[in-house]
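The values are calculated or read from the model by the stated rules, or taken from the named source; none is laboratory data. All of these numbers come straight from a predicted model, not from anything done at the bench. Note that each Cβ is placed from the backbone with ideal geometry, even for glycine, and that neighbours are counted across all protein chains shown.
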């Protein structure tokens, strides 16, 4: 599982904490204990220390999944009645099973974290285009994100939360012909480019041909889907969900994430969450005159 970092979490510190907790779990599993109750107490102390170390780094849900499981809560609530119990064999097996499963879960979390760090250590600016960018700007395959951001040759990595893909799917049923067509077209481009939805892919190659005439060049543009982690529960408002996924990604990428949007509400949400925002706008035109019956 890929853990959800709390804002401000340093990915190096998180990796160190997970490795330390995993090592202690391995030592606990292979250690010598006087009896089943001694093993139980050692396990409960390990779990408390581990939860305390992770509580300021990852979400409470992830702490529960990795450490404070239902079996932990059962053992914790029963510890007073298990000393000298006739069911020592059952207790020993139950605690041993829990330690084994926590070891495997922590190892998986470490692997996922290392893979995420490697994946998101690429050069360039990380940008999440809001749904309205796909609808109101140029078509995705020719969208000049660098120009919208005021960049030149810096590489750009577009990140598309799966919630935005789902929203584009819904917009294919819009009554507005342009919105309906653009939503379908954008999804077609994403589907064609991301033949493997779990991996990033190039969207447009770098173009330095303009250097000879205008001193303008463009870095390469890549694109990636941000899939929901297993067990993830989406927020009910899509705008909140997009901001939430960007905030979760920021510590793992160890850089700022820029949200690109036309929407004032989404802009406000993102800035309040500590994201960089590029607010786009379209000309309003002249103020319409009020009709006589509106005055």
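One table, with the values for the structure above:
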| item | result |
| --- | --- |
| Filter result for residue 198 (within 27 Å of residue 273 (Cβ to Cβ), modelled with pLDDT under 95 and outside any strand (DSSP E or B)) | yes |
| Qualifying residue in region 269-276 (condition: assigned to a loop (DSSP other than H, G, I, E, B) and surrounded by fewer than 17 Cβ atoms within 10 Å (Cβ to Cβ)) | yes |
| Conditions (1) surrounded by 14 or more Cβ atoms within 10 Å (Cβ to Cβ); (2) closer than 21 Å to residue 261 by Cβ; (3) modelled with pLDDT of 95 or more: number failed by residue 110 | (2) |
| Cβ-Cβ under 6 Å pairs, at least 6 apart or on other chains, region 179-192 side without any contact (Cβ under 8 Å) to a residue 12 or more places away in the chain, far side surrounded by fewer than 16 Cβ atoms within 10 Å (Cβ to Cβ) and outside any helix (DSSP H, G or I) | 180/172; 180/174 |
